[in-house]
Amino acid sequence: MTEQRKKTLINFKKAQSLIGKIIKMTESGEYCMDIMQQNLAAVGLLKSAHQMLLEGHLNSCFKNAMASKNEKIKQKMIDEILTVSKLATK
């Protein structure tokens, strides 16, 4: 596992832990603003993990596909990036 993948995994685990905390806070009726702050922290961790995954993908899989002479592989990679970009902006 690459160092970048390890950092990504750490962010996912932190977000998972925060989500558990958010669920407990919601169930126990804690103050809305406190819950929202924790929610934003989890969202930030997930966005950061997404960015790290995208960066890793662009620097490895995407780079290799673009170096290929196979136009189908190149187009597939471009389509995948566009799909993920569209989903990320929803």
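Odds and ends about this structure:
Conditions (1) at pLDDT below 95; (2) closer than 27 Å to residue 2 by Cα; (3) surrounded by 11 or more Cβ atoms within 10 Å (Cβ to Cβ), marked per residue:
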{"position": "21", "(1), (2), (3)": "no, no, yes"}
{"position": "25", "(1), (2), (3)": "no, no, yes"}
{"position": "29", "(1), (2), (3)": "no, no, no"}
{"position": "33", "(1), (2), (3)": "no, no, no"}
{"position": "41", "(1), (2), (3)": "no, yes, yes"}
{"position": "60", "(1), (2), (3)": "yes, yes, yes"}
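- Pick from the range 18-31, criterion in a helix (DSSP H, G or I) and in contact with a helix residue (DSSP H, G or I) (Cβ under 9 Å, 6 or more places away or on another chain), ranking: nearest to residue 90 (Cα to Cα): 19
- So residue 48, is it out of contact with any Pro (no Cβ under 7 Å at 6 or more places or on another chain), surrounded by 11 or more Cβ atoms within 10 Å (Cβ to Cβ) and among the hydroxyl-bearing types (Ser, Thr, Tyr): yes
- Tally, over the range 51-75, of residues that are over 28 Å from residue 12 (Cβ atoms) and either acidic (Asp, Glu) or in contact with a strand residue (DSSP E or B) (Cβ under 7 Å, 6 or more places away or on another chain) (or both): 1
- Residue within the range 70-87 that is under 21 Å from residue 5 (Cα atoms), in contact with an Asp or Glu (Cβ under 9 Å, 6 or more places away or on another chain) and either in contact (Cβ under 8 Å) with a residue 12 or more places away in the chain or assigned to a helix (DSSP H, G or I) (or both) present: no
- The residues on offer are 46, 54, 58, and the sole one that is under 25 Å from residue 89 (Cβ atoms) and free of Cβ contacts under 8 Å to residues at least 24 places away in the same chain is 58.
The values are calculated or read from the model by the stated rules, or taken from the named source; none is laboratory data. Note that the structure is predicted; figures quoted are calculated from it, not measured. Cβ sites come from the backbone with ideal geometry, for glycine too, and all protein chains shown count toward neighbours.
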